[in-house]
Amino acid sequence: MAKVIIHATTTLDGFMADKDGGIDWMFDFEAVEQDYAVVNKVMEEIGAIVGGANKSNTIEEGEIPYGGMLKVPIYLMTHEAHEPVEKDGITYRFVVNDIKQAVEAAKESAGNKNVALLGGSISRQCLKLGLVDEIVLDIVPLLLGEGISLFGGLGERIKLERIETSAFVSETHLRYRVVR
C-alpha cells in the first residue's frame, strides 16, 4: 500500500521558497554522489504526486513537479473543475476542494509506491487530516531569513520518529515517520 510522504528541499531556517516563490537558491550547492543517491532513492519510490494548481489551471514551465523527471500521475488541487491535461508524458488531474479524495486517488495510482505531497499548504492540510505517513527533508546550508515556510502556520503539535539521517557535502537528509 502506498505511503503518503512530504518530500521537500528546505533551507536550515525551514523555507521551501524565497518570499516571491523562487527556488533558484536550491541549485547553488555542490553535491556529491551520496547526496544524489539519497534523493534519487526517494524519487524512485514515488508513484504519484499531489500538489496545488496555479490560478489558471495550466501547466507552465517551472511549475512541473521534479522538473518533469518523474513520469507519474499528478493530482492538483483546484477550486474549479478542469479536464485532465496531458503534457510531456505526464497526466495532470484536477481535484476540486477535496484533498482526501486527491490523496486517495493518488494512492490508487501509485500502487505500492509512495505519494509525494508538494507545497506547504498541501502538506500542512494533509498533516492536520492525519494523511501523512513520513516526512523526507533535504536541508541545504542556507538561511534565507524570510520566505515561504514548509510548516509555518501548522498550528498543532505532531510527534515524529526519526527513521534515517545522513549528511554529506551540501545537504542534510532527514526522514521521519509520523507517530499516530
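The values are calculated or read from the model by the stated rules, or taken from the named source; none is laboratory data. Given the structure is predicted, the values throughout are model-derived calculations rather than measurements. Here Cβ is always computed from backbone atoms with ideal geometry, including for glycine, and neighbour counts include all displayed protein chains. We work out accessible area using only protein heavy atoms, side chains counted, and drop any ligands, DNA or RNA first. Shrake-Rupley method; radii C 1.70, N 1.55, O 1.52, S 1.80 Å.
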Inter-centroid distance (Cα atoms) of the range 1-26 relative to the range 65-79, Å: 15
Cα-derived Rg over Rh, computed across the range 1-55 with Rh taken as Kirkwood radius: 0.99
Nonlocal amide H pairs with SER170, under 5 Å, H built at 1.01 Å: VAL32
Trypsin sites (Lys or Arg not before Pro) restricted to DSSP loop in the range 110-169 with at most 15 other C-beta within 10 Å: ARG157, LYS159
Solvent-accessible heavy-atom area per residue, rounded to whole Å², over the chain at 1.4 Å: 55
Those lysines that a straight Cα-Cα span of less than 23 Å connects to LYS19, excepting residues fewer than 8 apart in one chain: LYS55
Principal-axis tilt of helix 33-44 within the chain, Cα atoms, nearest 10 degrees: 20
HN-Hα J in Hz across the range 164-180 - Karplus 6.51, -1.76, 1.60, θ = phi - 60°, x for Gly and Pro: 8, 9, 8, 9, 10, 4, 10, 9, 10, 10, 10, 9, 10, 9, 7, 8, 9
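Would you calculate a helix-derived [θ] at 222 nm for the chain, using -39,500 (n - 2.57) for each DSSP H run of n ≥ 4 and dividing by the full residue count, to the nearest 500? Before the final figure, lay out the partial values.
Working: 3 runs with 33 residues, N = 180.
Estimated from H runs of four or more residues: -5500 deg cm²/dmol.
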Normalised contact order of the chain, rounded percent, pairs of Cα under 8 Å and 6 or more residues apart: 36
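What's the longest bit of the chain with no exposed GluC sites (Glu not before Pro), using DSSP loop states and at most 10 other Cβ atoms within 10 Å as the test? Mind showing how you got there, number by number?
Numbers: sites that count: GLU30, GLU60, GLU61, GLU80, GLU146, GLU156.
Value returned for the longest uninterrupted segment is 81-145.
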All-pairs Cα distance distribution in the chain, expressed in whole percent, bin size 10 Å: 9, 38, 40, 13, 0
Of all DSSP beta bridges in the chain, antiparallel share, percent nearest 5: 45
